[in-house]
Amino acid sequence: MNYSRVPIKHFEPESRVKSLDVQTLVPYGLEEVTAEASRCLGCGLCIEGCPARIDVPGFQIAVKNGNLEEGLKINFEKLPFVGVCGSVCPHPCEDNCLLDDNKGPVATRHIKRFISENVEDYRQTLDVVVNDLGGHPRVAIVGGGPSGLSAAFYLSINGVRVDVFEQTDRPGGMMVHGIPDFRLSRNTVQKEADHVLSYGANIYYNKKIGRDVKFEELLERYDAVYIAIGNWKPSKTRTPGVELKGVYHALDFLGQINNGKQIEVGNTVAIIGGGFTAFDAARISLRRGAKKVIVMYRRAVTDRPGYPSSNAEEELDEAEEERVQFIWEVTPTQYYGENGKVKGVKYWKNEMVDRGTGRREPVPIKDKEYTVEADTVVEATGQKADLSFIPEDIRKRINLTPSGDVIVNQYNMTSYPGIFAGGDVTNARKDIISGVADSGRASMGILFYFKDTGKIENVPAKLINFERGPYAESYYL
Ligand SMILES: Cc1cc2nc3c(=O)[nH]c(=O)nc-3n(C[C@H](O)[C@H](O)[C@H](O)COP(=O)(O)OP(=O)(O)OC[C@H]3O[C@@H](n4cnc5c(N)ncnc54)[C@H](O)[C@@H]3O)c2cc1C
Ligand code: SF4
């Protein structure tokens, strides 16, 4: 048997940068996916690496045996966004794979994508039986991103009446407003969002809680609330010149382009930051016609967010293939301009200092200032939760971390009984799979809460109940 990983091919970088929606990775064919799934040794080490604890070897075996329907069901026990995660999950499971040091980890993410793209009708395949818990309480979900929608799915298949309030005009959250189409197809998001909502949850678009509906009303009208608002407040720097025309925060920049706005980026774009938002802003700039894109990050390449991981390597490879340039270890000192329009970035070089605190710290060397010219500057310098929609008297009763994330217990309940939270607003990883894992724990927590408060009679052993099919171990056994 050949134990080497079946290579994942890329579409030609020269042609893919000409379009906003040509995918980067070529999907596996049937022979390739069968060969790759056959490499799995079934040890299960990867399960610990997955924030949602998906039964990875279970679905590899199903795929190896040609049973994609079973592969889909095994994923659904923990993940209603199989195609989304098959495209963009940072796949920490692969970093745990026993074969990682040998011939390459089993390509779990790419196999997942094959399943999702080759099972036509999720609903018919899953054959879900709605659990009868002896009651139909109501839950309001604030936010229609992956965490809110996953909770809507798990709760509605347990007979709970769910209303989702979404401030934008579409489902998906950062899956459609942040992540570009060339990494995550909009058809995949739409197909999976439509499916999760097909079990009876209502979604109200253009309804911002705090503006169109008061948060207090949700507490009055519903038996529990799940806050899944993500991190939508840009953290801008105070770099002089940040107010110049042509300087954007990455969330605005990506959000506008992802919503069809024709931003003119000019010839040269400088991106400030080093996480996946920076990489997406860089690559989307090329697709908006930039000839040169430079990512400027304050730390070293080996200290960038997500490093070391196979995902961070892949991200860098894909960007370098497209000729994105990098200047590591720099501190911008000024965005300079002319007539109110940005012309470039002045910066110091940094040295990386080990103070014995874990991560090396960037310290600017201030004796010389450098310059790069830029027609557009994009700050990919982070984002935070905006909890201003919660009235002060209620917010005071919800414990927050010093950085403003919501603190939750093991069932994702906040310190305010009946208010649950999950996704980017609570977890440290701030990726899709972690937000989905939160929604599973929160859904179970909400059902326990309903049992305790007499709203339902039973709590199911598992959130999802297939008419026929596999069961992975539950979150809570
Ligand atoms: C550019 C970029 C690239 C990324 N790339 C990846 C990647 O490759 N892989 C990965 O796993 N993760 C990636 N992420 C992170 C990922 O998108 C998030 O972790 C994930 O979307 C969080 O899900 P969520 O449901 O918590 O929040 P979100 O997806 O942010 O959804 C929150 C929803 O709540 C709505 N909302 C907010 N406030 C209100 C309100 N007051 N009333 C009503 N609605 C409200 C928002 O409109 C939004 O739809 C990326 C993020 C960005 C920005
Ligand atoms: S760690 Fe790798 S070899 Fe082991 S079960 Fe997971 S995918 Fe298979």
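What follows is calculated from the coordinates using simple rules that are stated; it is not laboratory data. As the structure is a computational prediction, the values presented were derived from the model and not from experiment. Here the Cβ is made from the backbone with ideal geometry for all residues, glycine too, and neighbour counts use every protein chain on show.
Tabulated values for the structure
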| read-out | value |
| --- | --- |
| Table column - 3J(HN,Hα) (Hz), the range 183-193, Karplus curve with 6.51, -1.76, 1.60, x for Gly and Pro | 10, 9, 5, 5, 5, 5, 4, 5, 4, 6, 5 |
| Percent RCO, i.e. relative contact order, over the range 13-126, from Cα pairs under 8 Å lying at least 6 residues apart | 28 |
| Linear extension gain, N67 paired with E320, 0.36 nm per residue minus alpha-carbon span | 87.4 nm |
| Rough spin-label spacing in nm, given labels placed 7 Å along Cα→Cβ, for S309 and K451 | 3.3 |
| Cα centroid of the range 360-376 to Cα centroid of the range 1-68, whole Å | 40 |
| Two-decimal log10 I(q)/I(0) for the range 13-126, as the Debye equation yields it once each C-alpha is a single scatterer, q = 0.12, 0.18 Å⁻¹ | -0.41, -0.87 |
| Entries of K78/K430; K343/K430; K191/K384; K112/K261; K291/K343 with Cα pairs more than 22 Å apart | K343/K430; K191/K384; K112/K261 |
| Taking N as its residue count, the alpha carbon Rg of the chain over 2.2 N^0.38 Å | 1.00 |
| Value at 222 nm in deg cm²/dmol, rounded to 500, when DSSP H runs of n ≥ 4 in the chain each add -39,500 (n - 2.57) | -9000 deg cm²/dmol |
| Set of the range 398-418 residues, backbone N closer than 20 Å to the point 7 Å along the Cα-Cβ line of R221 | 418 |
| Under 12 Å from K18, Cα to Cα: aspartates and glutamates that are on another chain or at least 8 residues apart | E322 |
| Cα convex hull volume per residue for the range 314-407 (Å³) | 215 |
| Net charge of Cβ neighbours under 11 Å - reference V406; Lys, Arg +1; Asp, Glu -1 | -2 |
| Percentage relative contact order, the chain, counting C-alpha pairs under 8 Å, at least six apart | 18 |
| Local electrostatic count, D127, Cβ distance below 11 Å [Lys/Arg +1, Asp/Glu -1] | 0 |
| Net charge contributed by nearby residues that have their C-beta within less than 13 Å of A290 (K/R +1, D/E -1) | +3 |
| Residue among I141, H10, I257 farthest towards the positive dipole end of the chain, charges placed on Cβ | I257 |
